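Values quoted throughout were computed directly from the atomic coordinates according to the rules given, and no laboratory measurement underlies them. None of the values given here were measured: they were computed from a predicted structure. FYI the Cβ positions are ideal-geometry reconstructions off the backbone, even for glycines, and counts take in every protein chain you see.
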Amino acid sequence: MEMPSTLEAAHLVRRGHVSAAELLGTCAEAIEDRNGELNAFVHLDLDGARAQAEAVDRELAAGRADALGPLAGVPFGVKDLEDCAGMPTTRGSRWFAGRPPVDRDAIHVARLRAAGAIPIGKTAAPEFGTWAYTASPALGVTRNPWDPARTPGGSSGGSSAAVSGGMVPFCTASDGGGSIRTPAGFTGLVGLKCCYGRIPTFDVTYLAQNAVVGSLTTTVADTALLLDVMAGPDERDRTCLPAPGLGYLDVIGRPERVEGLRVAWSSDLGFATVEPEVAELARAAADDLVEAAGLTLVDRRVELEDYIVTYARMEGVDQFVGIAPELWQDRLDELDPLVAPGWRATSTVTLPKLARVEENRRQLVRQVAALFEDIDVLLTPMSSVPAFAAEGPMPTEVAGVSGHAGMAVPQPMLANLVNLPAISVPAGLTAAGLPIGLQVVARRFREDVCLTLAAIQERARPWPRHAPRS
């Protein structure tokens, strides 16, 4: 049985075409078959999942389908930066390895569970979600189902490998600088970064002002459905947004909502270096979307200043949120050698230095606001390069131009720094057979535009839902 989409899985269980226990068995078999090679799941609780699946089947057998949520019986994985009751949270670090299971769910995980979805395990992440690849001394190397020598991206690489590899219908993910969208681009999936506060994040302690939670899926409809389940305010989160006032799954079937929107294309945002094949594939996908959606292409050159250093410094400060001082003061030798220097540097940041970083971010917000006076949507490649080596490090040379590692994935950082919604959809395959993503960035709070355009692209240019088996 090929792994169904989230919507298909929920339908199959509710209609009695497959039991929740049978669907869980399909996932368990797929994990047994592929996880040894890919290292997507780093912790499993199949016994706990089986008990939940059997409870769903009992409700259905008793004729109480109406009492079940829209995701009843659908197994999923939880990124190992997020809490899931009954499972450990290591954040990819030896600092937290070996700790006992946590006793409560993060808000979005609790909402998925309340909708009937069944968490079956934790998926790999790099240490504290630092990199655009997924490898750490604590959890090992996670590999791309399209080519195991390549990375599935980061920091949600375990989730992207699990979904693209056909192990589960969906996984949770989080995005502080592209950590949902870059893995989606590298593995041929759909990944939405919503606006900050759309899904409450108060009790996901590692998340700060740039980062949001979400999902990785094989279809746009799945992403919309999961956002419907996870979105909405929570009194524990002072930053959360009001209820969106619409159903995201409903609006993606109404393409007239986006007709005539003004769109600009940029491969480099005015400063990045992009591999020519990546730019060509993404531009072809962008052109097809403009035509299929009836958009108005605006001749507007995007000229932003290089914001990679600003992003890196803000992300570095965010890493300290929720971390006990004795860890970063006394136990730096236990960190990934590539992570430790950043902690040392960030621990000496003064308030005047941080104020300058914040002013740089505010200047970028003003630049982007001026850009969106002329446009409604910005299209870019999802990254400057295809998936690189699974073990890392991030490339410091793009198209023959040397620089720093951020050159490989500068495009997604923008939406985090200025708080815009953005989605990655598959744009095609390189000559080497590696997926490339197209990024759709919309106005603030317009996740519906991102999802609707992604759905139009999905109909115009259907993509394989899973990586092919060799």
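Which order do peptides 24-30, 432-438 fall in by mean Cβ count within 10 Å, highest first?
So the order, starting with the most tightly packed, is 432-438, 24-30.
Among His17, Val441, Gln457, which residue has its Cα positioned farthest towards the positive end of the charge dipole of the chain, with +1 placed on the Cβ of Lys and Arg, -1 on the Cβ of Asp and Glu, and the dipole taken about the Cα centre?
Of the options given, the answer is Val441.
Report the extension gain between Arg58 and Glu29 in nm, rounded to one decimal, defined as 0.36 nm multiplied by the number of residues separating them, less their alpha carbon distance.
Length gained, Arg58 through Glu29: 8.2 nm.
From Cα pairs below 8 angstrom and at least 6 apart in sequence, can you work out the relative contact order of region 205-262, rounded to a whole percent?
Relative CO of region 205-262 lands at 26 percent.
Kindly provide the trypsin sites (Lys or Arg not before Pro) of region 121-206 that DSSP labels as loop, not H, G, I, E or B, and whose Cβ sees at most 10 other Cβ atoms within 10 Å.
Listed in order of number, the matching sites amount to none.
Counting alpha carbon pairs within less than 8 Å and at least 6 residues apart, what relative contact order, in whole percent, applies to region 108-228?
Answer for region 108-228 is 21 percent.
Which one, Gly116, Ser347, Leu289, is farthest towards the positive end of the dipole of the chain when Lys and Arg carry +1 and Asp and Glu -1 on their Cβ?
After comparing all options, I get Ser347.
How much length would be gained if the chain were fully extended between Asp250 and Asp333, taking 0.36 nm per residue of separation minus their Cα-Cα distance, in nm to one decimal?
24.8 nm
What shape does region 80-150 take by its C-alpha gyration tensor, where a ≥ b ≥ c are the square roots of the eigenvalues and a/c under 1.5 counts as rounded, a/b above b/c as prolate, and the rest as oblate?
oblate
Evaluate the charge dipole of the chain about its Cα centre and quote only its size in Debye, nearest 20, assuming +1 on the Cβ of each Lys and Arg and -1 on the Cβ of each Asp and Glu.
Rounded to the nearest 20 debye, it is 520 debye.
What size of dipole, in debye to the nearest 20, comes out for region 347-470 about its Cα centre when the only charges are +1 on Lys and Arg C-beta atoms and -1 on Asp and Glu C-beta atoms?
That gives a dipole near 160 debye.
What percent do you get for the relative contact order of the chain when only Cα pairs under 8 Å and 6+ apart count?
18 percent
Ranked from highest to lowest mean number of other Cβ atoms within 10 Å per residue, what is the order of the peptides 37-48, 211-222?
The packing order, highest mean first, is 211-222, 37-48.
What does DSSP give for the chain in terms of the percent of beta bridges that are antiparallel, rounded to the nearest 5?
Of the beta bridges lying entirely in the chain, close to 70 percent run antiparallel.
How would you order 228-240, 54-66 from highest to lowest mean count of nearby Cβ atoms within 10 Å?
228-240, 54-66
Residue farthest toward the positive end of the dipole of the chain, with Cβ of Lys/Arg at +1 and Asp/Glu at -1: which of Val409, Phe41, Thr142?
Of the options given, the answer is Val409.
Sequence neighbours fewer than 8 away in the same chain don't count; with that in mind, list the lysines whose C-alpha is under 20 Å from Lys79.
Lys122, Lys193
Would you pull out the residues with amide H under 5 Å of Gly437's amide H, same chain only if 5 or more places away, H placed 1.01 Å from N?
Met382, Ser383, Ala427
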